[in-house]
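Read through the structure below, which is laid out as C-alpha cells, and then see the notes.
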Amino acid sequence: MSAARDVADDSAPYAPTEALLRAGTLLHVTRAASPQFVQPIFFRLIRVHADWVTYHGWTWLDGYQIDARGDAVARRSIFVQPAGLRVLASLPAPAGGGRAGRTRSAAARTRPPP
C-alpha cells in the first residue's frame, strides 16, 4: 500500500508517513509501532514532537487514548515508530451492533414517570 494515499480514503488502514500525522488523526497503535502495545489502543493525535531528538525511525506523539465508544479516557505521550501505526477513518463498529448501555430511545428518557 502506498503511504501517499489520500487520508480521507475509507478503505483499509495504512501506515502513515510523519507528514500525514496531524492533529485529529485517529490511529490504531499496536506492537508494530512499539513493543509496549501488547494490548492495542486507539489514539487521537494532538501533536507530533518532531523537534525532540530520538532514535532514527522513532517519534514522540501526544494525544488521547480512545475507548471503543470513541470517548477519550486518558491523555498520553507515546514513543512509537510511525511506520507501525495505522491511520483509521473512524472507529470500528462495536461488536453487538451498537453502543453498550444505550438501549433506551431518546423519547423513553424524556417521558415523565407514570
Long-range amide H partners of R76 with built H, under 5 Å: G63, Y64, Q65
Computed P(r) (all Cα pairs; region 18-93; 10 Å bins; percent): 20, 59, 20, 2
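Read-outs throughout are calculated quantities, based only on the coordinates presented, and are distinct from any laboratory measurement. Since we're looking at a predicted model, the values are computed, not measured.
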